[in-house]
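The values are calculated or read from the model by the stated rules, or taken from the named source; none is laboratory data. Owing to the predicted nature of the structure, the values given are computational and were not obtained by experimental measurement. When we count neighbours, we look across all protein chains shown, and the Cβ atoms used for this are built from the backbone with ideal geometry, even at glycine.
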Amino acid sequence: MKLAKLAAGLAMGLVFAFGAGNAVAQAYPNKPIRIIVPFAAGGTSDILARLIGVKLTEAWGQSVIVENRTGANGNVGADFVAKSPADGYTLLLMDIGALAINPSVYVNMPFDPVKDFSAIGFVAYSPHVLAVHPSVPVNTVAELVSFARANPAKLNFATSGLGGAPHLAGVDLAARSGVQWTFIHYKGGSQAVADVAAGQANLIMNGMIATYPQVKSGKMRILAVSGAKRVAQIPDVPTIGESLPGFETGSWQGILAAAGTPRDVVAKLNAEINRILNTPDMKERLLGQGAEVRTDSPDALAGWISAEKAKWARVIRDSGVKLE
């Protein structure tokens with residue numbers, strides 16, 4: 001009799017727990033959501049966060065606030081999210097390549113990019129744009145290499161931050177080409193782009209979404225894109241790989257929350273964000289800026305981050321690059 005009562009009690013407990021979990025998912029969201037962008041306003045991650053935030057607000061009727069928390073190549077904002085309540089109301093949208101790279105760059109990481117986050121999903125991929133200020137007398141990658149060789153360390157290469165994907169792309173490009181330039185590190189891609197557009201720095205490699213508008217305005221000259229293939233919107237612009245075979249970099253944006261966020265909430269966020277990104281309107285808007293919508297499951301993003309973390313650790317270790 002006691003065993004029967006115990007079994008019945010356990011069964012009721014499981015039913016209650018399952019029902020409570022479903023209630024949490026059904027109630028979510030019932031208050032404003034914050035999307036933390038760990039880079040300055042105007043960069044690729046910031047632009048995407050604001051586009052998605054508007055659509056989430058429309059779909060769920062809850063305010064979505066985009067908040068910029070900059071510093072340490074994304075570590076400040078990412079750490080804030082990692083230590084936030086695991087309830088799905090504080091999200092992180094950033095270049096997840098930088099998230100995977102940072103453990104190999106910073107000695108004392110305040111968080112683990114694999115263990116301290118619940119992956120939500122991918123957002124988009126855009127190749128890096130290699131562009132120069134119009135005062136730099138080059139029009140192609142080959143001409144840039146020749147000019148840099150003739151003027152060692154005289155070109156100022158603006159980056160979105162020390163150790164970020166654009167910085168390491170510039171390091172790799174210099175190593176493959178046998179050139180030297182002087183890196184200038186900013187607190188985000190928008191500041192780096194602005195200084196190149198103003199002629200305060202000479203060249204940049206940065207996400208296409210944030211950079212290409214300056215090319216269209218004539219404030220920068222595009223030399224190449226860093227993807228494996230040419231961009232459909234600018235088919236006459238070559239890839240860097242056409243001059244340096246095997247070269248490929250880019251900006252991968254993704255969304256995460258604090259580790260332990262309920263799976264039902266993660267699934268709801270993933271499904272709605274994927275739906276938003278795959279609408280014709282969003283696809284067209286991103287394609288118009290040179291980016292491709294990339295969507296997948298939370299597990300796929302988590303696996304990608306783990307693989308990228310291991311890859312960049314090997315690259316940085318084997319290359320002997322000193323990140324000052």
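Looking at this structure, is Ala78 on the phi < 0 side of the Ramachandran plot and buried (at least 19 other Cβ atoms within 10 Å of the Cβ)? Spelling it out, Ala78 is indeed on the phi < 0 side of the Ramachandran plot and buried (at least 19 other Cβ atoms within 10 Å of the Cβ). Exactly one residue among Asn278, Asn274, Asn270 is buried (at least 20 other Cβ atoms within 10 Å of the Cβ), at pLDDT 95 or above and either among the small types (Gly, Ala, Ser) or under 30 Å from Asn30 (Cβ atoms) (or both), and that residue is Asn270.
Filtered by the rule that a residue be at pLDDT below 90 and either more than 18 Å from Phe247 (Cβ to Cβ) or out of contact with any Leu (no Cβ under 9 Å at 6 or more places or on another chain) (or both), segment 153-171 gives Ser160, Gly161, Leu162, Gly163, Gly164, Ala165, Pro166. Of all residues assigned to segment 104-112, none qualifies as being crowded, with 24+ Cβ neighbours inside 10 Å, under 30 Å from Thr295 (Cα atoms) and assigned by TED's automatic domain parsing to the domain that holds Leu301.
For the criterion of being over 30 Å from Val81 (Cα atoms) and not assigned by TED's automatic domain parsing to the domain that holds Ile36, Ile234 passes.
From the list Ala165, Ala153, the lone residue that is assigned by TED's automatic domain parsing to the domain that holds Ala210, surrounded by fewer than 24 Cβ atoms within 10 Å (Cβ to Cβ) and in contact (Cβ under 8 Å) with a residue 12 or more places away in the chain is Ala153. On the stretch given as segment 81-113, residues that are free of Cβ contacts under 8 Å to residues at least 60 places away in the same chain and under 22 Å from Gly207 (Cβ atoms) total 1. Restricted to segment 162-258, the set of helices (runs of 4 or more DSSP H) holding at least 3 residues that are over 15 Å from Ala291 (Cβ atoms) comprises 165-177, 189-197. Scanning segment 120-144 for residues that are touching a Lys or Arg at 6+ places or on another chain (Cβ under 6 Å) and of a type outside the set (Gly, Ala, Ser) turns up Phe122, Tyr125, Val132, Pro134. None of Leu301, Leu286 is surrounded by 17 or more Cβ atoms within 10 Å (Cβ to Cβ), within 18 Å of Ser45 (Cβ to Cβ) and at pLDDT 95 or above except Leu301.
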